[in-house]
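Following: one structure in structure tokens, then a few remarks.
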Amino acid sequence: MPNRPAIQRHEWFAVAVAVIYFFCVLAAYYVLRPVRDQLSAAVGSTALPLFYLSTFTATISLTPLYGALVARYPRRVFVPVVYAFFIVGMIAFIPLFQLQDTIGPRLLGSVFFVWVSVFNLFVVAVFWSFMADLFDAEQAHRLFPVIALGGAAGAIAGPVLTKALNDVTGVPGLLVVSSLLLGVAIACMFALARWSREHPVVGDERRDERIIGGSFIAGAIETLKSPLMRRMALLMLLGDAVGTVIYAFLVDYNGTANTTREARIDFSANIDLWVNVLQAVFQITATRVLMMRVGPSAALALDGIVKAVMLALFAVFGGAWIAIAAIVTRASAYGIFKPASDSLYTQVDAETRYKTKNFIDTSVWRFGDVVVNGSLNGLRLLGATSPMLALLTVVAAVSSASIGWKTAQLLDGGAARKRAGA
């Protein structure tokens, strides 16, 4: 439908609220991310496997609770409950940071690293599951790149707020700001739930009232059982391998180049700022064009190619090039890969959207962190250099491009056959 408007009249309200919603979600996260990342830089990448193992353990522990909510309540109940849980957690950290000298910065920092990492996983995963539940596949191809711009703007605003407030309010003030942003996100969620009742997905008019049911381990079972979900999990693991390796290199560079906490926070905030500016550029240009004209397959393939090129260049130039590689690959991951991969979930059922997707986006992702970081340290002990590790990771990037292309083609072909049969 070449002449179809990018956003139809009845969709404008939903798109505008979704943009604000995603802005708040990512701003809430990126206000705190530089604080978390400077803790990683302080201890070095060799400590990351312990951090990630703790995060993985926390993720696995929370997954049954999330699964129980999804199984027993409609989305208008369990989505705000997830966000409220993290708001309470943020507020609880305020007195802990005020007692930092008593508790000890290393212990508090480790716990905070885990909390912010789990926060990112669940809050963002729930957002995209909710979006996939509001729109059909055709709408997702048109609207997701636009909605993702709200996240890009929030991801830019987050580190800017951190840089502005860090010396004024300290970490407690940043926690309050993050909590307020999540409160606005809950209000947006309720507004979108109302809109969806007035404009339901054709053929699934009672989606808002539906209780998904099933057990809390349904997401894990479906991931193992379904060939499609196994592909999605593998795609996640390959992308995570690239991101985790580059993050480890960046952590070491930050710790070496910046010797104070303030300098490390400022460096991390600057990286986040440039990542999210470039992410917005990708979304406005490549992602939107590819998603509307070709579909998600081309966007997924492009992401893998971009990552492979940047890793190869880091292997050649090394040193400060890691900052450029981190900016470009992370911007591609969130500006190209994420909108494209999340749009694929519009073509699966509700249980897959909320349980299997969440399992892949949280437990599988953090399992990948543990394995990749452990393997990275092991290879270093065997004498592998950073250029060697970067070139090895190129294989993961190229594989991601290939599998992403084939998976999206498979889904799009199946959807076309269903439409023809109907």
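Considering only the range 231-256, state which residues are over 28 Å from A401 (Cβ atoms) and touching a residue at least 12 places away in the same chain (Cβ under 8 Å).
The first filter runs over the range 231-256 and keeps only residues over 28 Å from A401 (Cβ atoms), leaving 254-256.
Of everything in the range 231-256, those that are over 28 Å from A401 (Cβ atoms) and touching a residue at least 12 places away in the same chain (Cβ under 8 Å) turn out to be N254, G255.
Sort through F314, F267 and tell me the only one that's surrounded by 22 or more Cβ atoms within 10 Å (Cβ to Cβ), of a type outside the set (G, A, S) and farther than 15 Å from A333 by Cβ.
F314
All but one of (1) in contact with a Phe, Trp or Tyr (Cβ under 8 Å, 6 or more places away or on another chain); (2) within 25 Å of Y52 (Cβ to Cβ) hold for V372, so report the exception by its number.
Every listed condition holds for V372 apart from (1).
Among the residues of the range 298-308, is any more than 15 Å from V398 (Cβ to Cβ) and either surrounded by 21 or more Cβ atoms within 10 Å (Cβ to Cβ) or of a type outside the set (S, T, Y) (or both)?
Yes.
Suppose the filter is modelled with pLDDT of 85 or more, buried (at least 23 other Cβ atoms within 10 Å of the Cβ), over 21 Å from the mean Cα position of the chain (by Cα) and not charged (D, E, K, R); does F337 pass it?
So F337 does not fit the description; no.
For a quick check of your reading of the model, give me the residue pairs whose first member lies in the range 314-336 and is within 19 Å of L391 (Cα to Cα), whose second is among the charged types (D, E, K, R), with beta-carbon atoms closer than 8 Å and at least 6 apart or on different chains.
T329/K307; S332/D303; S332/K307; A333/D303; A333/K307
Tell me which residues, restricted to the range 286-309, are among the β-branched types (V, I, T) and over 13 Å from S343 (Cβ atoms).
V289, I305, V306, V309
Check L300, L392 and return the single one that is of a type outside the set (K, R), in contact with a Ser or Thr (Cβ under 9 Å, 6 or more places away or on another chain), more than 24 Å from D37 (Cα to Cα) and modelled with pLDDT of 90 or more.
On the way: L392 fails: in contact with a Ser or Thr (Cβ under 9 Å, 6 or more places away or on another chain).
From the options L300, L392, the qualifying one is L300.
Just checking, how many residues over the range 276-313 are among the aromatic types (F, W, Y) and either free of Cβ contacts under 8 Å to residues at least 24 places away in the same chain or under 17 Å from D240 (Cα atoms) (or both)?
Total satisfying the criteria: 0.
Read through the list (1) surrounded by fewer than 17 Cβ atoms within 10 Å (Cβ to Cβ); (2) over 30 Å from R261 (Cα atoms); (3) at pLDDT 75 or above, then give the number of the only condition that R4 fails.
Of the numbered conditions (1) surrounded by fewer than 17 Cβ atoms within 10 Å (Cβ to Cβ); (2) over 30 Å from R261 (Cα atoms); (3) at pLDDT 75 or above, the odd one out for R4 is (3).
The values are calculated or read from the model by the stated rules, or taken from the named source; none is laboratory data. Note that the coordinates shown come from a computational prediction; the quantities given were computed from them, not determined experimentally. Glycine gets a Cβ as well: all are built from the backbone with ideal geometry, and neighbour counts include every protein chain shown.
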